[in-house]
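Student: Pasting a structure here, questions to come.
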Amino acid sequence: MTMPATPPLLALTRRHFFRECGIGLGAAALASLLNEGRAAAADPLTPKPGHHAARAKSVIFLFMAGGPSQLELFDYKPKLSALHAQPVPAEFIQGKRFAFMDTFAKEVPKLLATRRRFARHGASGSWVSECLPHTAGIVDDITVVRSMATDVFNHAPAKCFTNTGSPQFGRPSMGAWVTYGIGSEARDLPGFVVLQSGPRGPRGGNPLWSSGFLPTAYQGVPFRGVGEPILNLRPPQGVDDAGQRRVLEAVRELNGLRLADTGDPEIATRIAAYEMAYRMQTSAPGLIDLSGEDRKTLELYGAEPGKPSFANNCLLARRLVERGVRFVQLYHTDWDHHGSGDVNLTAGLDRVCRETDRACAALVTDLKRRGLLDTTLVIWGGEFGRTPMGEVRDSVGRNHHIDTYTMWLAGGGVKRGYNLGASDELGYAAAEDRVHVHDLQATVLFLLGLDHTRLTFKFQGRDFRLTDVHGEIVRKLLA
Amino acid sequence: LLASPHYGERRARRWLDMARYADSNGYSIDGPRSIWKYRDWVIDAFNKNLPFDRFVIEQLAGDLLPGATVEQRVATGFHRNTPLNQEGGIDVEQFRVEAVVDRVNTTASVFLGLTLGCCQCHDHKFDPFSQREYYRLFAFFNNSDDPTLELGDPGLVGERSRLQSEITRTEKRLRTLDRATSEKVEKWEGGLSPASRALLPAAVQHILTIAINGRDPQQEEALLTAYRRTDEVHHVVAGIGQPLPFAAAAHAAALDARMTMERQLASLRGRLPDVPSTLVVNERTKPRDSYVMLGGDFLRHGESVSPGTPAALPALASPAAPSRVDLAIWIVDARNPLTARVAVNRFWQDYFGIGLVETDNDFGTRGTPPSHPELLDWLASEFVRTGWDVKRMQRLIVTSSTYRQSSHARPELAAVDARNRLLARQNRLRLDAEIVRDAALVASGLLNPGVGGPSVYPPQPAGVYAFTQVPRTWKTSNGPDRYRRGMYTYHWRTAPHPGLTVFDAPDASTACTRRSRSNTPLQALTLLNDQGFYELARGLAERVLNEQGLDDAGRIDRAFRLCLSRSPKPSEAEALTRLLHDPEVSRDARPAWTAVARALLNLDEFITRE
């Protein structure tokens, strides 16, 4: 991976001290403390070896919030179309529970044919609908999993489940587990970054990228695509850069004196944290400034510098990964196509596909041509899928569905041009190679060099894991 | 110190971590809730030195005490702090059961130091508790309803509910009269030309600039009124090119009626007394049936169970049909080996960073054994012997010579006891998130020391709500509420104040019995650049500049003392003097002193208990 040529943290810190702080004996004492590497040992994000050789170094998770309809996008079901408007066979819904149960209770729900045209694409012959023309163009670089399954069918708990392995809030999210396990290569950026686009934030908010019971150093840091990417990145109004630097130098000097006095290595960690804060202040604004990207790249993504969008976030994700950030998660909202108002499977779906399709494909293409796809795992998908039955609302829509849905993965040790799993002929349940959310989580950790049964944290008397007590590595999709 | 009302605040904040206290409902919608009266009850209980056994009983079962007082009912808010899912399409029973499960798990970990949550799905793998016993505890908590308690003078409460129902009636009539639905308003809004927009009152024009889902109820109401007025103009004057829908006379009559009603409504609203409310627990008269839930799944009922306590612990005093009160009394029964030990261990943890038992919420076989078992036993027996006197325990610990040791590192101990578990010295501890803010407030002289009341909105950086489902408006408090202690900051579960989260304040999802202490670059950015902290640095600069009869050295000494409670050493004073006179900082006194103040507020020592 290409890393910016930043001198190692300690060297930098020491150089600052000797060059700028001439503080006599205190400095010598500090230098010796730092020399012993305590500060580095105390930095929770220092890269660490995993349990085995990693196939991927970074993850970009394109989270399609709301639950994209696999039946309009990836899962081609001619039988469903043939049975359009027929009541769903009783054996399918016997004893099953759905969101908005009352709408289904009124009458037996009817099957709904898709209005979208499907075709096979690429050498892999992968079915993709007309909604995603750009994704159709990269099927030979990705693995499509049409047999995903999850446990919970309301948005906030399901998002929480996909991210933390539990439907109850309060557990660490995948990005937190990963940075806890192997740290991050980025020395001047957080190890786990969250980006957001679409009409509103994802349901669930902060707990989705929380560090739960892990130390907060591992929690996801939300980046904003315009203005200040990180909260409090710029000096306060009325303070210029020179003034800010002088204050920082005084803080460093006084903290150094205190360190020499008390010998508490926590102070060395804090000195290092201030160094990194300063570097973030310098590097982050340049990071989000997309105007330096060439025209062709901007066009590939459909990104416009300064105008927040999913496309900009995809490009930003590539830039973050280039700089060594371990886990980048992009949320794009409004996939919840029940058929209320304009959030439906016609114009509503068209809009959200338009907003995302091109940039998703561009990201994979761009990573590939830069040689980053081999070490970057890209994941596309939402918290669940949608029912083969239609929903009777203002217009056409489908309900939340957990028994089967589609996600895709690319790069980072995953097969290229591969189709894994299948749903039954109505697209109701996974029929072949079912991949449960916990299996996906186990696989992501595996690709990063981590064993999901050994990546644990002791809390309330128990060794907790991302996958709880479940999860099987999905060997079939490994390259 | 124990007599200061701020003692109660300090102890309360730690307790509120365990109570998972927050000012909103959590999950996706995360609507606001009013439960600060419970927070104030906790502060007050510590200040009054309510014996710990009463403290426990009132929170777990205050509603069931004979002749329960309002205060005792407020105390039951402890278990009303569970999150609430308001998302569309949910199965309400599922989330009710989840709340009860959380109440069982919280009760076990907070009071008993047990990890009973394991038994929700299966028998405990390590400790002697079965899944059936879990659901017998569950049965204690399964019979409550979750009402809202209106507080204040009973006369006022009655008056309020009478007026409220009259308001609702009038509103309903008004709505049928003009059928001004929100859809209509939205449509009207969408069709407004810039010219007709400009004719609207300035306040309404402002509301129109806010995104539809970002308006608060008052703003929506103001818009509705504006719509009605315009609508009248349409009808009566017919000046904007719309035909009269019905006879002018009839319409005028309707208009008249509406105006009267609007006046009535305004007067009713004006008379509405301000009565705070809080969330409480109330026992149902008809109990719910409880079952073992197979695999923890609320749909798969196993064997039916009645309320009861685990067999591994001493038996209940009243085994026949016990209630939540009996459970609470059992928890604080002197024969219960856990409660007192768990409580004193947490006091110890607060003062030393790590408890005598490091796993403060796991006293089971998988927990760590106590570093000083006899001390733990003695402290626990003292606690019970003195009638669960909380203040006395604090005094006992902080006057001990162990507590009063210096926290300087002793290199010779590094090899023997690297983590200082044997306490051959004191530990340096990073201050809690709220206290980081409080320390800066105190140094700046701006602190408003008021105790209790509704939560407040200190400044926070823009852009916090870009990541929530429902955008929030944060009406930054101006005036005295701007400078309240950090613990009074309004806590939105899906987007808590970033200044708190960054310093490890818990997210209030589940009980937090021990905070972690991280040390991150984001903390540095907060202290350095947050406008709220900057404001306090300026306050500190102002404060020392206003001191009469001091020269620069005197002022540096003063500022240093205000922040660190000690005088600077010569090398420290020299560093600050250099900063003060650095031409790159400023040649003017105010900004130069602000730089000095900022340096002080950013020191490790400033946010550390030495």
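Student: In segment B:491-610, carbon and sulfur make up what percent of the accessible area (probe 1.4 Å)?
Tutor: Ligands and nucleic acids excluded, carbon and sulfur reach 49 percent.
Student: Restricting things to alpha carbons, find the Rg to Rh ratio for segment A:355-415 using the Kirkwood radius for Rh.
Tutor: Rg/Rh for segment A:355-415 comes to 1.15.
Student: With the other protein chains left in place, how much accessible area per residue, in square angstrom, belongs to chain A at a 1.4 angstrom probe?
Tutor: That works out to 34 Å² per residue.
Student: Report, in whole Å, the centroid distance computed from the Cα atoms of segment B:526-576 and segment A:436-479.
Tutor: Here the answer is 51 Å between Cα centres.
Student: For segment A:188-208, which residues drop by 50 square angstrom or more in accessible area between the chain on its own and all protein chains together (1.4 Å probe)?
Tutor: Going by heavy-atom accessible area, the residues of segment A:188-208 that drop by at least 50 Å² are A:ARG203, A:ASN206.
Student: Kindly flag which residue pairs out of A:LYS77/A:LYS415; A:LYS57/A:LYS415; A:LYS307/B:LYS475; A:LYS458/B:LYS125; A:LYS96/B:LYS286 have an alpha-carbon separation exceeding 22 Å in this structure.
Tutor: From the list (A:LYS77/A:LYS415; A:LYS57/A:LYS415; A:LYS307/B:LYS475; A:LYS458/B:LYS125; A:LYS96/B:LYS286), the Cα-Cα distance tops 22 Å for A:LYS77/A:LYS415; A:LYS307/B:LYS475; A:LYS96/B:LYS286.
Student: Computing the accessible area with a 1.4 Å probe over protein heavy atoms, can you report the carbon and sulfur percentage for segment A:324-479?
Tutor: C and S atoms contribute 48 percent here.
Student: Can you tell me the order of B:529-537, A:49-57 when each peptide is scored by its average per-residue count of other Cβ atoms within 10 angstrom, highest first?
Tutor: Per-residue mean Cβ counts within 10 Å order the peptides as B:529-537, A:49-57.
Student: Please calculate how many Å² of accessible area segment B:1-105 carries per residue, with a 1.4 Å probe and no DNA, RNA or ligand atoms counted.
Tutor: I get 31 Å² per residue for this part.
Student: Another question, if that's okay. Let me know the mean shielding of B:90-102 by other chains, meaning the per-residue number of their Cβ atoms within 10 Å of its Cβ.
Tutor: Shielding by partners across B:90-102 averages 2.
Student: How big is Rg to Rh over segment A:396-461, alpha-carbon atoms, Rh as the Kirkwood inverse-mean-distance radius?
Tutor: 1.08
Student: Can you sort B:VAL97, B:VAL92 by solvent-accessible area, 1.4 Å probe, largest first?
Tutor: The most accessible residue leads, giving B:VAL92, B:VAL97.
Student: Between B:THR209 and B:THR69, what length comes free when the chain is fully extended (0.36 nm per residue of separation minus the Cα-Cα distance, one decimal in nm)?
Tutor: 45.6 nm
Student: Separate question: Compare B:ASP297, A:ASP151 by solvent-accessible area with a 1.4 Å probe and give them largest first, with all protein chains kept in place.
Tutor: Correct descending sequence by accessible area is A:ASP151, B:ASP297.
Student: If each residue of separation counts as 0.36 nm, what is the full-extension length gain between B:ASP256 and B:THR225 once their alpha-carbon separation is subtracted?
Tutor: 9.7 nm
Student: Short version: which residues of segment B:384-424 lose at least 40 Å² of accessible area, all chains versus chain alone, 1.4 Å probe?
Tutor: Listed by number, the residues meeting the 40 Å² cut-off are B:HIS408, B:ALA409.
Student: Below 9 angstrom from the Cβ of A:GLU266, what's the summed charge of the other residues (Lys, Arg +1; Asp, Glu -1)?
Tutor: Result for the neighbourhood of A:GLU266: +2.
Student: From the C-alpha gyration tensor of segment B:468-591, pull out the three semi-axes of the equivalent ellipsoid (sqrt of 5λ each), sorted largest to smallest, in whole Å.
Tutor: Semi-axis lengths for segment B:468-591 are 35, 18, 14 Å.
Student: Which whole number gives the average count of other chain Cβ atoms within 10 Å of the Cβ atoms across peptide B:24-34?
Tutor: Partner-chain Cβ atoms within 10 Å, mean over residues of B:24-34: 3.
Student: Straight-line reach only, C-alpha to C-alpha below 18 angstrom: list the lysines that B:LYS48 could link to, leaving out same-chain residues fewer than 8 apart.
Tutor: B:LYS37, B:LYS391
Student: Say R0 is 51 Å: what FRET efficiency, to the nearest 0.05, do A:GLU425 and B:GLN86 get from their beta-carbon distance?
Tutor: Efficiency at R0 = 51 Å is approximately 0.85.
Student: Determine, from the Cβ-Cβ distance of A:VAL469 and A:ARG97 and an R0 of 25 Å, the FRET efficiency 1/(1 + (r/R0)^6), rounded to the nearest 0.05.
Tutor: After rounding to 0.05, the efficiency reads 0.60.
Student: Where in segment B:19-45 does the label zone of B:ASP274 land, with the point 7 angstrom along Cα→C-beta and an amide N cut-off under 18 Å?
Tutor: From segment B:19-45, the list is B:33-38, B:40.
Student: Tell me which DSSP H helices of chain B clear both cut-offs, 30 Å or more of axial length from alpha-carbon atoms and a mean Kyte-Doolittle hydropathy of at least -0.5.
Tutor: Membrane-span-like by this criterion, though nothing is claimed about a membrane: B:248-271.
Student: Further question on the same structure: Principal axis extents for segment B:449-524, Cα atoms only, whole Å, descending order, please.
Tutor: Principal-axis extents of the Cα atoms in segment B:449-524, largest first: 33, 30, 27 Å.
Student: OK, next. Just to make sure I understand: if all protein chains stay in place, what is the order of A:ASP75, B:ASP274 by accessible area at 1.4 Å, largest first?
Tutor: Ranking A:ASP75, B:ASP274 by accessible area, largest first, yields B:ASP274, A:ASP75.
Student: Compute the separation of the alpha-carbon centres of segment B:345-402 and segment A:193-247 and state it in Å as a whole number.
Tutor: 38 Å
Student: Next question, about the same structure. Tell me, what is the FRET efficiency for B:SER407 and B:THR368 to the nearest 0.05, using R0 = 25 angstrom and their Cβ-Cβ distance as r?
Tutor: Step by step, r from the Cβ atoms, then E = 0.65.
Student: Determine how large the accessible area of B:ARG197 is when every protein chain is in place; take a 1.4 Å probe and give Å² rounded to the nearest 10.
Tutor: Rounded to the nearest 10, that gives 80 Å².
Student: Can you quote the Å³ per residue value for the convex hull of the Cα atoms in the protein assembly as shown, rounded to an integer?
Tutor: Spread over its residues, the Cα hull of the protein assembly as shown gives 200 Å³ apiece.
Student: Then there is this: Could you check how much of the accessible area of segment A:244-322 is carbon and sulfur, as a whole percent, using a 1.4 Å probe?
Tutor: Whole-percent figure for carbon plus sulfur exposure: 51.
Student: How big is the Rg/Rh ratio for segment A:109-154, C-alpha atoms only, Rh by Kirkwood, two decimals?
Tutor: Dividing the radius of gyration by the Kirkwood radius yields 1.07.
Student: Hull surface divided by four, with the convex hull built on the Cα atoms of chain A: how many nm²?
Tutor: Approximately 24.2 nm², given one-decimal rounding.
Student: Taking all pairs of different Cα atoms in chain B, averaging 1/r and flipping that mean, what Kirkwood radius in angstroms comes out?
Tutor: 28.1 Å
Student: Per 5 Å bin, what percent of the C-alpha pairs of segment A:329-369 does each bin hold, from zero upward?
Tutor: 6, 21, 24, 18, 13, 9, 5, 2, 0
Student: Just give the residues from segment A:270-294 buried by at least 30 square angstrom of accessible area in the all-chains context relative to the isolated chain, probe 1.4 Å, and say none if nothing qualifies.
Tutor: By number: A:ARG270, A:ALA273, A:TYR274, A:ALA277, A:MET280.
Student: Let me ask you something else. Would you tell me the accessible area of A:MET174, worked out with a 1.4 angstrom probe on the heavy atoms of the protein chains, in Å² to the nearest 10?
Tutor: 0 Å²
Student: Gap in Å between the Cα centre of segment A:83-158 and the Cα centre of segment B:124-155?
Tutor: Taking the Cα centre of each part, segment B:124-155 and segment A:83-158 sit 40 Å apart.
Student: Tell me the total accessible area that A and B bury against each other, 1.4 angstrom probe, in square angstrom rounded to 100.
Tutor: So the total buried area for this chain pair works out to about 6500 Å².
Student: Between A:LYS79 and B:ASP146, what is the spin-label point distance in nm, taking each point 7 Å from the Cα along the Cα→C-beta axis?
Tutor: With each label point 7 Å from Cα toward Cβ, the separation is 4.2 nm.
Student: Something else now. How far is it, in nm, from the label point at A:ASP241 to the one at B:GLN548 when both lie 7 Å from their Cα along the line to the Cβ?
Tutor: 4.5 nm
Student: By how many nm would the segment from B:ASN282 to B:GLN164 grow when fully extended, if each residue of separation counts as 0.36 nm and the alpha-carbon distance is taken off?
Tutor: Result: 40.2 nm gained on full extension.
Student: Taking 8 Å as the Cα distance limit and 6 or more residues as the minimum spacing, I'd like the relative contact order of chain B as a percentage.
Tutor: Relative contact order for chain B comes out at 19 percent.
Student: Using a 1.4 Å probe and ignoring any ligands, DNA or RNA, find the accessible area of A:LYS96 and quote it in Å² to the nearest 10.
Tutor: So the heavy atoms of A:LYS96 present about 80 Å² to solvent.
Student: Thinking of segment A:290-373 as a set of Cα atoms, what percent of all their pairs are more than 16 Å apart?
Tutor: Here the long-distance tail beyond 16 Å is 56 percent of all Cα pairs in segment A:290-373.
Student: Right, next: Return the loop-located trypsin sites (Lys or Arg not before Pro) in segment A:366-453 (DSSP other than H, G, I, E, B) with at most 15 other Cβ atoms within 10 Å of their own Cβ; answer none if there are none.
Tutor: Sites meeting the loop and neighbour criteria: A:ARG370.
Student: Need one number: the % of Cα-Cα pairs in segment B:289-414 sitting beyond the 21 Å mark.
Tutor: 56 percent
Student: Tell me the label-point distance for the pair B:GLU171, A:GLU130, using the 7 Å Cα-to-Cβ offset, in nm and rounded to one decimal.
Tutor: 4.7 nm
The values are calculated or read from the model by the stated rules, or taken from the named source; none is laboratory data. Every value quoted in this text rests on a predicted model; they were computed, and no experiment measured them. All Cβ positions, even for glycine, are placed from backbone atoms using ideal geometry, and neighbour counts span all protein chains on display. Accessible surface areas use protein heavy atoms only, side chains included; no ligands, DNA or RNA. Shrake-Rupley method; radii C 1.70, N 1.55, O 1.52, S 1.80 Å.
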